[in-house]
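Peer 1: If you scroll down you'll find the structure; I have some questions about it.
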Amino acid sequence: MGLEVFSLEGKSALVTGASRGIGAAIATAFAEAGADVALAARSTSDIEQLAGKIESLGRRAIAITTDVTDPDDVRACVAKTLDGFGKIDTLVNNAGGTRFMAPLIDLRPDGWHKAIALNLDSVFMFCQEAGRHMVARGSGSVINMSSVAGVHGAPALSYYSAAKHAVVGLTKTLAMEWGDSGVRVNALCPGWVKTELNRPFWSDPETSASFVQNQPIKRWGEPEEIAAAAVWLASEAASYVTGSTIVIDGGALA
C-alpha cells in the first residue's frame, strides 16, 4: 500500500463549524490533501477568509453562511455544496460545543434544548440531507465529532455529554444502515484541545496544568492533530473502517 491512499485528490468535502478551531484545521488539512471544501458556519467573514486560504492552495472552496440548527439552512447548505462540486465525498459534522456549565438540577430547559439542537439535531439533519446523496451514489465518508464527554460522564455538562453520547450511538447505527451502500460513518472524540473556545483554560499555566495532569501525554492537543485523523477517515486508507469511535485525548481515558 502506497501513501497515495491517504490522498484526497479529486474528492469534495463539506465541513460544518469550519470558521475556527478544529473545523478550520480539518478544512485546511483536507485542502492540503487535495480536496475541494465547502465551509459552513455562522461567521461569514471567517469562512470567507478560510476559503481564500484554501483557494491559495489550488483547491476550490465555497463559503456557506449556515445556522446548523435551522433545517432550511441545512438543506440549503447541502444543496449549495452539490451545486458547486457536483458531489459530497466527505461530510464532517464538526459544529457544536457549549459555553456554560451547570449541574442538572439547576439547568434551565432552554439550555438543554439549545445544547441538543446544536450538538445532536444538527448532526441528524446533515447526515440525513447529505446521506441521501451518498447512499444513492454508493460511496462516502461521514465523520461525526463527538467528544471524550461522549464516552464517559461529564459532571456539570449533562446536556453536552448526553448529546455527544447520542452522536456516538447515531454514528454506529448509520454505519450499520449504510454499510452495504458503500458509505462509512465514524466518530472522533477529542479530549482537551487548544481552541479559542477553550482559551480561558489553556492560556493560564496553572489552570492548564490541572486539566492535563492525569494524562499520559501531559499537554493540550492541537487542532491539527484531530484534523490528521479526519484526513485518514476521509481517505481510502480507512476504507475498512466504519462504526468506529476514535478517542484522541493524550491517553486520558486510558
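Peer 1: Do the conditions hold for Leu3, that is, is it of a type outside the set (Lys, Arg), buried (at least 24 other Cβ atoms within 10 Å of the Cβ) and either over 20 Å from Leu82 (Cα atoms) or modelled with pLDDT of 95 or more (or both)?
Peer 2: When the stated conditions are applied, Leu3 does not pass them.
Peer 1: Continuing with this model, one more query. Looking only at the stretch 44-64, count how many residues are surrounded by 17 or more Cβ atoms within 10 Å (Cβ to Cβ) and of a type outside the set (D, E, K, R).
Peer 2: 8
Peer 1: Taking the options Thr195, Thr171, name whichever one is closer than 19 Å to Ala230 by Cα, modelled with pLDDT of 95 or more, crowded, with 21+ Cβ neighbours inside 10 Å and of a type in the set (Val, Ile, Thr).
Peer 2: Working: Thr195 fails: modelled with pLDDT of 95 or more.
On inspection, the qualifying residue turns out to be Thr171.
Peer 1: For Thr69, work out the one condition from (1) part of a loop (DSSP other than H, G, I, E, B); (2) closer than 22 Å to Ile226 by Cβ it doesn't fulfil.
Peer 2: (2)
Peer 1: Give me the residue from the stretch 6-28 that is in a helix (DSSP H, G or I) and at negative phi and, out of that set, surrounded by the most Cβ atoms within 10 Å (Cβ to Cβ).
Peer 2: Quick first cut of the stretch 6-28, residues in a helix (DSSP H, G or I) only: 6, 21-28.
From what is left, the residues that are at negative phi are 6, 22-28.
On the way: Phe6: 17, Ile22: 29, Gly23: 30, Ala24: 24, Ala25: 23, Ile26: 30, Ala27: 34, Thr28: 21.
Across the stretch 6-28, the extreme among qualifying residues is Ala27.
Peer 1: Of all helices (runs of 4 or more DSSP H) completely enclosed by the stretch 148-237, which ones contain at least 2 residues that are touching a residue at least 24 places away in the same chain (Cβ under 8 Å)?
Peer 2: Working: elements: 158-178, 199-202, 205-212, 223-234.
Result: 158-178, 223-234.
Peer 1: Next question, about the same structure. Those residues that are of a type in the set (Val, Ile, Thr) and buried (at least 22 other Cβ atoms within 10 Å of the Cβ), I need them from the stretch 157-168; list them, please. Explain how you work it out, then say what you get.
Peer 2: Residues of the stretch 157-168 that are of a type in the set (Val, Ile, Thr), as a first pass: 167-168.
Val167, the sole residue that qualifies.
Peer 1: Give just the number: which of (1) closer than 24 Å to Cys127 by Cβ; (2) touching a Phe, Trp or Tyr at 6+ places or on another chain (Cβ under 8 Å) does Thr245 not satisfy?
Peer 2: Result: Thr245 passes all but (2).
The values are calculated or read from the model by the stated rules, or taken from the named source; none is laboratory data. Note that the structure is predicted; figures quoted are calculated from it, not measured. Methodologically, a virtual Cβ is constructed for each residue, glycine included, from the backbone with ideal geometry; neighbour enumeration extends over all protein chains shown.
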